[in-house]
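Step one of this worksheet: look at the structure below.
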Amino acid sequence: MFEIIIGIGALLVLLIIYMIFRVFTLMNVVKGNDKNQDDERVSVNNKINAWMFMAVLFLGFGLFFWYSYTRFDEYVLPVASVHGIEYESIFWITTAVTGIVFVLTHILLFYFPFRYRFKNDAKALFYPDNTKLEIAWTIIPAIVLSILVFSGWRVWSDITEKAPDNAEVVEIVGYQFAWAVRYPGQDKQLGDFDFRLIDAENQLGMDFTDKASFDDFIPQELHIPKGQPVLFKIRARDVLHSVFVPHFRLKMDAVPGMPTRFWFTPTKSTAEMRAELNDPEFNYELACTEVCGRGHFSMRFIIVVDEPEEYAKWYAEQASWLSQNEEYLAKIPVELREVAMISAGIEDKTKKEIKEEVKASF
Amino acid sequence: MATTEVQFEDHIAHHGADDHDHDHEHHDNFITKYIFSTDHKMIGKQYLITGIFWAILGGALSLIFRLQLGFPEMQLEWLRPILGKWITETGSIDPEFYLALVTMHGTIMVFFVLTAGLSGTFSNYLIPLQIGARDMASGFINMLSYWFFFLSSVIMLSSLFIETGPAMGGWTVYPPLSALEVAIPGSGLGMTLWLVAMSFFIISTLLGGINYITTVINLRTRGMSFSKLPLTIWAFFLTAVIGLLAFPVLFSGALLLIFDRSFGTSFYLSDIYIAGEALPNVGGSPILYQHLFWFLGHPEVYIVLLPALGITSEIIATNSRKPIFGYRAMIGSLLGITILSFVVWAHHMFVSGLNPFLGSIFMFLTLIIAVPSAVKVFNYLATLWRGNIIFTPAMLFSIGLVSVFISGGITGIFLGNSAIDIQLHDTYFVVAHFHLVMGSASFFGLMAGVYHWFPKMFGRMMSNRLGYVHFWLTFIGVYLVFFPLHYIGIAGFPRRYYSFTNFDAFSGFTDLNMFVTVSAFITFGAQFLFLFNFFYSMYKGRIAPLNPWRSNTLEWTTPLNPGHGNWPGVIPTVYRWPYDYSKPGSEEDFIPQTVPYALTPESNLPHEDELVDREKEQDAIVVDDNQS
């Protein structure tokens, strides 16, 4: 089907080119232009080209404004974060300012060739410079750009300032070709990690000599509370990845060997967004935007924004990673095992049973 | 034209006492004339033909991945004879080969077409002709420059045919992806070949660059002061300076990557667990590579852009029959861009984990560079204003260049703003931006240059009519291809995605992607009009007049097919700037640079009348020189 469309399109284009040719050639034969081109400085083509500029100007702007207006909701994603609102405002201010420049310069650029096309009796104006004019159009763009930069810089400073102390911390780790997220658990402290400790189960290299990692949990979905600051601590396991959540206007590279971070405050829960978009299937999605290999295009991870109470409930329900992988108790220094069992929530077993399990796992 | 010839003869007569011996005509054989030539004109043409070859290949690669993006369901079994195992069993493109296509398209277009094809062609061809030199400062180094480029081309081309495929990490080849073969097959032999080819390419660029710089500084003809240089030469000169300062940094970056890949060092590698094992490398930083790469990578944008702007300045002035508006401001802008291009590189790294404070600094510096760019646009507009405009195909492409330069430049203001860049970074918005401001603008400059200087290169005229059709199809085509990508980018679609079906957020715009692909095919197809015109006119075109565009610059004072040494007899002396078009009082609407003010009392400005006496002194010195 598509092949046919392309085929027809190509054929049409060739046909048009051929027709244009024939018309040009015939016109020139009729006018006797083709022989004595040297006598005339320009042919009728000069006029055609001049008119083409006007045609392209009107059609081009027509198409531009029509598409920008009618498809607005398709290309502008709804915003779901506090800084996203600031982002939108400078984006649209910049669009307005540059849009005006774009339209004005193009009107001049296409109108001048049309208006001042070659005429035999005309002579161009010898006008090599005008210092005042040049200073003006150096300074005015400089001022306009400064305003844009300063407003951008304010937003940038807001976004990149230190995360509030009460921010919910979530660790996001990119690897070929998926994401993993780790929560600090009840103690609200993410445990240490070391890439040398990574194995088939311990995918994030959690270091169980650190007490803080005992209650860390690794869920299948990323939950965050609405209206509270959230801090993403981002790292990568193998190659570069980049955390991108378009609805939050959030992006930060994941770099092996150099943890990065990004904090923000979500403003709309998943449920609210579903209602707003009238789409019961809607989910916030996390995508990778730094080319990372074969599966780069498939690194999708779902983010769920909960109401704070729901979030607290969900958070409390999560079982620690250690409680689901008890064999790793063996890697914990003996004197810490008891603490580990308590904070990991492994309480219903007797000490003896654990000891046996630990022995068995050796 | 008549004026030119008269003047030209005048000068031979004037400097009759010339003792320069030009009887030693070279009798080149085929090899020294066409292959291992040291003549700058032939080397320029070699660059042009090689560049055209690469452009077709680079364009064709983009069509294959555009098929995947526009028509993801399409059966591509028919490509199997060419692509072999890169077509999967279900008849679509292999996702890794898709990345290879994107990578090679970028590498080829940026380096082999728009750097070598543009700078290589026109710097070589035009510098000696426009400054009045017999050849480059070193013809031999110039030849070496081309042949290093050729060697680099052969290696890069061969990487397309190896079993594990060419480099696949994007044209920026960020490590660790590009350093680890287990991460992606293209990072094996393909990446090695990429690095070797780029190393030779850099050597070629440096050899070319020192030659351009030396030639412009040392070999200008009598009277050709820097303030009388055509803007083309200013642009080529500054481009070479940028290249000379920036390319060695890429070289060092590539060298460290070679060490990491082959000798177990850890410049860019640290804390990596891949394919079931933790690598021993610690202490390196992938960010270091990004700094080194973009220290070249950003100036590279201006390396491909400045020559195009230079060419355009010359062509717009000539065909508007007006002096370029604000000659000094144009030079100032070029200088400003040259200097600032070195201090903006980290705007490619706003979300790389860079210190936010550095991000602020680079945002300020980046938006400063928009000012000289804006000045250039306004000066072009002022040049067109009240001109007497002749639409040659070269002129159309030049106006087209200004248009895409504005469109693409404006989106640079979004991306240079670190706050806005957070959302737009690595989306199709960036793709749209640089394809317009760097890709299309430079390509239009290249095309304008070919159409404008073809009569000088080959002594024949290209067909204007074909040129017009080519221009309008290309101009409308690039807008239809690249403008829609802005919308897709604002919607957040990431670059280098094989398919968008995995994400709900990126499931839209299938119609627009289809439209872009079809437009890309038509635009690419239109280039064959140019190819036909180019090769046909080379042999069958109308014999060109000596100065077909009634231009002021020196190259049009050479014979129709200039031989070795460019000018038979003495090199003409230059008396005035290259932009005396439509000067009040003058009968013709142009006065070539070789016409002394003494001969044009009717059109001299007051301060130029004073120069008449100095001209006499100058010429007296010439005579003295010849007698001694």
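Summary table
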quantity	calculated
Computed E for A:F58/A:L104 - FRET, C-beta separation, R0 25 angstrom, nearest 0.05	0.95
Helix B:139-158 axis, angle to chain B major axis (alpha carbon atoms, nearest 10°)	20 degrees
Label-point gap, in nm, between B:E608 and A:A96 - each point 7 angstrom along Cα→Cβ	4.8 nm
Under-5 Å amide H pairs with A:F193, H placed in peptide plane, nonlocal only	A:D207
Semi-axis lengths (Å, descending) of the ellipsoid that matches the C-alpha gyration tensor of the protein assembly as shown	58, 29, 26
Sulfur and carbon atoms: percent of accessible area, the stretch B:27-161 [1.4 Å]	72 percent
Average accessible surface area per residue within the stretch B:496-628, 1.4 Å rolling probe, Å²	42 Å²
Theoretical gain in end-to-end length, A:K47 to A:R22 [0.36 nm per residue, Cα-Cα removed]	7.2 nm
Where the stretch A:42-143 is the region considered: accessible area per residue in Å², 1.4 Å probe	54 Å²
B:T392 accessible area, 1.4 Å probe, all protein chains in place, Å² to nearest 10	10 Å²
Within chain A, longest stretch clear of exposed GluC sites (Glu not before Pro) (DSSP loop, no more than 15 other Cβ within 10 Å)	A:41-160
Residues whose placed amide H lies under 5 Å from that of A:N130, excluding near-sequence neighbours	B:G326
Buried on assembly, the stretch B:172-220 (at least 50 Å² less accessible surface than by itself, 1.4 Å probe)	B:L177
Chain pair B, A: total accessible area buried, heavy atoms, 1.4 Å probe, Å²	10900 Å²
Distribution of pairwise C-alpha distances over chain B, 10 Å bins, in %	3, 16, 26, 26, 16, 8, 4, 1, 0
Mean Cα-pair separation over length for chain B, i.e. relative contact order, pairs under 8 Å, 6 or more apart, %	16 percent
Histogram of C-alpha separations across chain A, 20 Å bin width, %	20, 36, 25, 14, 5, 0
Binned Cα-Cα distances of the stretch A:168-361, short to long, each 10 Å bin given as a whole percent	9, 34, 33, 18, 6, 0
Kyte-Doolittle mean at least -1.0, axial Cα span of 27 Å or more - DSSP H helices of chain A	A:2-31, A:45-70, A:82-115, A:131-160
Protein accessible area in the stretch A:168-361, 1.4 Å probe - carbon and sulfur %	50 percent
Listed residues A:G295, A:G191, A:G227, most fluctuating in chain A (Gaussian network, C-alpha, under 10 Å)	A:G295
Note, ³J(HN,Hα) from phi for the stretch B:509-521, Karplus 6.51, -1.76, 1.60, rounded to Hz, x at Gly and Pro	6, 5, 5, 5, 4, 5, 4, 4, 4, 4, 4, 4, 5
Cβ-based net charge around B:P307, under 14 Å, with every Lys or Arg adding one and every Asp or Glu removing one	-1
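The values are calculated or read from the model by the stated rules, or taken from the named source; none is laboratory data. Everything numeric here is computed off the predicted structure, so don't read it as measured data. Cβ coordinates were reconstructed from backbone atoms using ideal geometry, including for glycine residues, and neighbour counts include every protein chain displayed. All accessible areas refer to the heavy atoms of the entire protein, side chains included, with ligands and DNA or RNA removed. Shrake-Rupley method; radii C 1.70, N 1.55, O 1.52, S 1.80 Å.
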